[in-house]
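Notes follow once the structure below has been shown.
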Amino acid sequence: MKTRDEFVVQKERSWNELDLLLLRDRLEGPELSRLSALYRAVCSDLMAARAAGFGTDLLGHLDGLAARAHATLYGHGRRRWQAGWRLLLSDFPRRLRESAPFMLAAALLFFVPLALGFVSTLLSPRFAEAVLPPEQLEGMAEMYSKSVSEGRETGTNAAMAGFYVMNNVGIAFQCFATGVLYGVGSIFFLVYNGLMIGTTIGHVTAVGHGQNILAFICGHTAYELGAIVISGAAGLRLGYSLIATGNLTRLGSLRVAALGTVPLITGAAAMLLIAAAVEAFWSPSSAPYPVKWAFGAVSVVIVLSFWIFAARGLGRIDREKPSHVSPGEPP
């Protein structure tokens, strides 16, 4: 474990740089991005110093520095909007790519059970009855027995949007928050929800309404399922931070990892809002099936392209931070 002097020597350069930026009257473009990165770094340093018990004088200095940076970034309405857009359009995709091992694990934990539930139900209807209650299976089959292109009753779309937001956020929250149980909770809810979704789609397909359910879900699937996987990946990051604590206590490591998941959870929340809007207003519309499938394909391309290419020229978030690896992140 580092001593206080070693800690200060390693971090002091970035603290001084942040202090100099805060003395300027006007910050624009790259300077604001740098200030945002240094602010996140000093927050991590503050939590690490507090967990290590490095003394009230150092904690007071870092606390004051973080407070000044926060006031500069978020004290003005226009800057709050700029910071919010930067978080979604820049920090989110970069943090997503840096979390590739967690994303891969979460995707496998979710989509493998989904595929297993779908295929197993097609091969054996009894499999679906072992996973879900018969009443629920019958209800889903009845729901999709009619073409979704017939549309929905007027006035129900807005109410359904609220329902979809609450339902999707609940699933994503389970996958994320239960990561504090050393990742076991995130693993369980990723597998559970993947299996439930795959079994439901498989059952509706087996009874002859496969086109109807696929036409309904294809438009919002990329946003909804993508957000669930991201939430699960963020939960796995939390769980990993409790195992690979580095030089911190488990609580200190968890705090640092939680700070690192902020861009992921913010991006997932935005994707869930998009999914809810699409599911409420577009999915039940009277558009022809080929149009809906094309819309779904375009949505997949948009989501994957954003994840892979957005803000790529700006470099890694961690390169903007002091030269250390935060607990909860693979080196």
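With the condition kept exactly as written, say whether any residue in the range 98-115 is assigned to a loop (DSSP other than H, G, I, E, B), out of contact with any His (no Cβ under 9 Å at 6 or more places or on another chain), of a type in the set (A, V, I, L, M) and modelled with pLDDT of 90 or more.
Keep residues of the range 98-115 that are assigned to a loop (DSSP other than H, G, I, E, B), which gives 99.
From the residues that got through so far, the ones that are out of contact with any His (no Cβ under 9 Å at 6 or more places or on another chain) too are 99.
With of a type in the set (A, V, I, L, M) added as a condition, the list becomes none.
No - not one qualifying residue is present in the range 98-115.
Cβ contacts < 8 Å: first residue in the same structural domain as residue 211 (by TED's automatic domain parsing), restricted to the range 133-148; second residue hydroxyl-bearing (Ser, Thr, Tyr), any location; separation 6+ or different chain. Result?
137/200; 140/200; 148/283
Here is a yes/no grid of residues against (1) surrounded by fewer than 24 Cβ atoms within 10 Å (Cβ to Cβ); (2) of a type outside the set (A, V, I, L, M); (3) without any contact (Cβ under 8 Å) to a residue 12 or more places away in the chain:
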position: 203; (1), (2), (3): no, yes, no
position: 214; (1), (2), (3): yes, no, no
position: 217; (1), (2), (3): yes, no, no
position: 221; (1), (2), (3): yes, yes, no
position: 237; (1), (2), (3): no, yes, no
position: 271; (1), (2), (3): no, no, no
position: 277; (1), (2), (3): yes, no, no
position: 281; (1), (2), (3): yes, yes, no
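Of the residues in the range 49-67, how many are free of Cβ contacts under 8 Å to residues at least 40 places away in the same chain and at positive phi?
1
Yes or no: the range 239-249 includes at least one residue that is free of Cβ contacts under 8 Å to residues at least 12 places away in the same chain and surrounded by fewer than 17 Cβ atoms within 10 Å (Cβ to Cβ).
First pass over the range 239-249, keeping only residues free of Cβ contacts under 8 Å to residues at least 12 places away in the same chain: none.
Looking for residues that are free of Cβ contacts under 8 Å to residues at least 12 places away in the same chain and surrounded by fewer than 17 Cβ atoms within 10 Å (Cβ to Cβ), one finds none in the range 239-249, hence no.
Matching residues to (1) in contact (Cβ under 8 Å) with a residue 24 or more places away in the chain; (2) surrounded by fewer than 16 Cβ atoms within 10 Å (Cβ to Cβ):
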{"position": "14", "(1), (2)": "yes, no"}
{"position": "26", "(1), (2)": "no, yes"}
{"position": "31", "(1), (2)": "no, yes"}
{"position": "35", "(1), (2)": "yes, no"}
{"position": "38", "(1), (2)": "yes, no"}
{"position": "47", "(1), (2)": "yes, no"}
{"position": "69", "(1), (2)": "yes, no"}
{"position": "101", "(1), (2)": "yes, yes"}
{"position": "107", "(1), (2)": "yes, no"}
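The values are calculated or read from the model by the stated rules, or taken from the named source; none is laboratory data. Quick caveat, the model's predicted, so the values are computed rather than measured. Quick reminder, even Gly has a Cβ in these numbers, built from the backbone with ideal geometry, and neighbours come from all protein chains shown.
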